[in-house]
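Asks: First the structure, then my questions, so here it is.
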Amino acid sequence: MSSTSMRTHLCGELRPEQIGVTVSVCGWVGRRREHGEHLAFIDLRDHSGIIQCVVNDDVDVRSEYVVRVTGVVRERPEGTRNEALPTGAVEIGECDVEILRVAEPPPFPIDERADNVDENIRLQYRYLDLRRARMQKNLRLRSTVNAAVRTAMDQQGFVEVETPMLVPSTPEGAREFLVPSRKEPGSFYALPQSPQLFKQLLMVGGVDRYYQIARCLRDEDLRADRQYEFMQLDMEMSFVGQDDVLDAVSEAVLAAAEAATGERPLPIERITWHDAMNRFGIDKPDLRFGMELIELTSIFAETEFKAFAGAAQGGGAIKGIKVDGAAEEYGRNQLDKLTDRAKSAGAKGLVWLKATADGFDSPVAKFLSDAEVGALKDAMSAEPGDLLLIVADDWMTTCEVLGMLRNEIGRPPVHEGPYRYVWVVEFPLFVGRDKETGAPKSGHHPFTMPHPDDIDKFDTDPMQVRSIAYDLVLNGWELGSGSIRIHEPELQRKVFTALGISDEEAERKFGFFLNPFDYGAPPHGGFAFGLDRLVAILAGEENIREVIAYPKTQSGQDPMTNSPIPGDPKALDELGLKVLPRID
């Protein structure tokens, strides 16, 4: 209900159906315009929209004054309607204006013009920025998404449980925010990077299906899709396999998208990690555009071109992408920059070819045989005017470099439709090796379930072991990740052994977490996805700061509260802390 003891309607609710009705509306003065000798127009604004009020010109109200207007709704005179406003067919006349609070002139316009204001100024006066229609829309969209997620989880039998904000430090993860204990000088809590420990123990506790919209904190460098504080849908469920988790999360995500857009997306497709790398060169593929990586290794199996021969005959990979009709667009300077970009990303080089009616225009064309030219054209469906970019290197480098170029050349803004969700599954259990010990490193975390078909590879080829881990990706942004967890002690020990973690080290680092499993841990798995990122895309925003009420700047500052600030000396003494000079 919009009516209160002070108003009968919201500003944006009034329509021709209310003509002749006496109403009271409250809000902020957006603009005042003189109308003749005795009248003035006031655009009154609240979160629902704007209504034009006709007042006597002696009414002294200015920009951002808070007022209450009582008057009669009437049709606007012919020729004065504003089709751009939902309320543009009516106005309020015979107005009585009550000033509830005068206001200082705002430091920037409270409308779309503020989009061009320096972000630090907007964040310094965030309480004013929030009055704008864009921010009101974003915050209400966020509320709609949260409500839809909760409803979807409730309907699937999940129980909302809050977990602690003061938790033990887990230095194996991302950098943490530490909280000193006044009662135990020298000891610290950590703020949770995620509720991972507690949600798995809830499964040991028999909760069966848990969720919460959890606040998480990580002391990581900020960027467009990352803040120190972020909100995620966190969930865990017992006696399940991968499909059960993916189906439950998909229902919540699709319900949120439907609530936000009015249309339910298609069922979320799935792709393996290996296929994602092979086709898109990245483990968070953007499916909205083509330019897929094309396998070319076999074409150059017996080539005499040295740049390709090493990869083709030495166990590497040769792949390419095609940029349709871009041959004329890319001159030598741009191509040299692409080559430098590929080298900076780890490739030995980048081969470019411009397709012509007779073959290819390229410095390397003379090194290719007629058969290789024909096979290359066929494999990449090259037409005159197309630009081909080729990398020959080890498989991972080839995929990653072309994936980077594909995104930089062809990727549209993240919020542009269509919305393409995709599950990426079967991630490697291990990624890379420790430089000192040579032991494999966990791709997700050491409690991730290995793929049952790959258990026999632990002793012979551990880097080829897949995991039952999965990511949810939307338009090239990773929304979240999860896995089926290890609940059997022998399998957990096998993973620890592969990681070079002894029984003693495992007990020291993870005993507080794993010992409760000895009392009967069910098979379980879970997931968490970032609500900030999902809402930003659904709101059409490139930066999650636009869907958070009070975000930090990219440098981690809060211009509105001037935080962080030095600690009070008395408080530091009570905590047993001493601040040392900073060492650069």
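Asks: Between SER502 and ASP244, what is the label-to-label distance in nm when each label sits 7 Å out along the Cα-to-Cβ direction?
Replies: Going from the SER502 label point to the ASP244 one covers 3.8 nm.
Asks: Further question on the same structure: With every protein chain present, what accessible area does TYR127 have (1.4 Å probe, heavy atoms only), rounded to the nearest 10 Å²?
Replies: Per-residue accessible area (TYR127): approximately 120 Å².
Asks: How many Lys pairs in region 294-361 lie less than 15 angstrom apart by Cα atoms, where the lysines are 8 or more positions apart or on different chains?
Replies: Taking region 294-361 as the scope, the lysine pair count is 4.
Asks: Something else about it: Give me the one-decimal nm value for the distance between modelled label points at HIS274 and MET396, 7 Å along each residue's Cα-to-Cβ direction.
Replies: Result for the modelled spin labels: 1.6 nm.
Asks: Something else now. Could you pull the accessible area for GLU263 with a 1.4 Å probe, rounded to 10 Å²?
Replies: 130
Asks: Rounded to a whole number, what % of the accessible area of the chain do carbon and sulfur atoms account for, probe 1.4 Å?
Replies: Using a 1.4 Å probe with all protein chains present, the chain comes out at 50 percent carbon and sulfur.
Asks: Follow-up question, since we're still on this one. Of the listed peptides 406-418, 281-293, what is their order by residue-averaged count of other C-beta atoms within 10 Å, with the highest listed first?
Replies: Ranked by mean Cβ neighbours within 10 Å, highest first: 281-293, 406-418.
Asks: Could you state the orientation-averaged shadow area of the convex hull built on the Cα atoms of region 513-584, in nm² to one decimal? Display every interim value, and only then the final one.
Replies: Working: hull surface 42.7 nm².
Over all viewing directions, region 513-584 projects a mean Cα-hull area of 10.7 nm².
Asks: When ligands, DNA and RNA are left out and all protein chains stay put, how many square angstrom of accessible area per residue does the chain have with a 1.4 Å probe?
Replies: 50
Asks: Just one of (1) 90, 74, 54; (2) 77, 53, 51; (3) 78, 57, 49 is Cα extents along the principal axes in Å as worked out from the coordinates here. Which one is it?
Replies: Step by step, Cα extents along the principal axes in Å for this structure corresponds to label (1).
Asks: Which Rg and Dmax, in Å, describe the Cα atoms of region 476-562?
Replies: Cα only, region 476-562: 20.0, 53 Å (Rg, Dmax).
Asks: Kindly write out, for region 131-139 in residue order, the coupling ³J(HN,Hα) from the Karplus curve 6.51 cos²θ - 1.76 cosθ + 1.60 (θ = phi - 60°), rounded to whole Hz, with x marking Gly and Pro.
Replies: 6, 5, 4, 4, 6, 4, 4, 5, 5
Asks: Additional query: Quick one: dipole size for the chain, taken about the Cα centre, charges +1 on Lys/Arg Cβ and -1 on Asp/Glu Cβ, in debye to the nearest 20.
Replies: Dipole size: approximately 1040 debye.
Asks: Compute the Rg to Rh ratio over region 232-356 from the alpha carbon atoms, using the Kirkwood formula for Rh, and round to two decimal places.
Replies: 1.11
Asks: Between the alpha-carbon centers of region 127-163 and region 334-365, tell me the distance in whole angstrom.
Replies: Cα centres, region 127-163 to region 334-365: 47 Å.
Asks: Testing the spin-label approximation: label points 7 Å from Cα along Cα→Cβ at ALA345 and ILE583. State their distance in nm.
Replies: Distance between the two pseudo-spin positions: 3.8 nm.
Asks: Over 19 Å, how big is the tail of the calculated P(r) for region 29-119, in percent of all Cα pairs?
Replies: Details: 1719 of 4095 pairs.
Considering region 29-119, 42 percent of its Cα-Cα pairs are separated by more than 19 Å.
Asks: Among MET380, THR356, ALA392, which residue has its Cα furthest toward the positive end of the charge dipole of region 347-399, with +1 on Lys/Arg Cβ and -1 on Asp/Glu Cβ?
Replies: Of MET380, THR356, ALA392, it is ALA392.
Asks: What is the spread of the Cα atoms of region 150-250 along each of their three principal axes, largest first, in whole Å?
Replies: Largest first, region 150-250 extends 44, 36, 23 Å along its Cα principal axes.
Asks: FRET efficiency for GLN156 and ARG215, Cβ-Cβ distance as r, R0 = 30 Å, nearest 0.05? Don't jump to the answer; show the numbers that get you there.
Replies: On the way: r = 23 Å, r/R0 = 0.75.
That gives a FRET efficiency of 0.85.
Asks: Please report how far the C-alpha centroid of region 166-209 lies from that of region 460-507, rounded to the nearest whole angstrom.
Replies: 20
The values are calculated or read from the model by the stated rules, or taken from the named source; none is laboratory data. Keep in mind that what you see is a predicted model, and the values were worked out from it rather than measured. Reconstructed Cβ throughout: ideal geometry from the backbone, glycine too, with neighbour counts over all protein chains shown. Side chains are part of the model used for accessible areas, which takes the heavy atoms of the whole protein and leaves out ligands, DNA and RNA. Shrake-Rupley method; radii C 1.70, N 1.55, O 1.52, S 1.80 Å.
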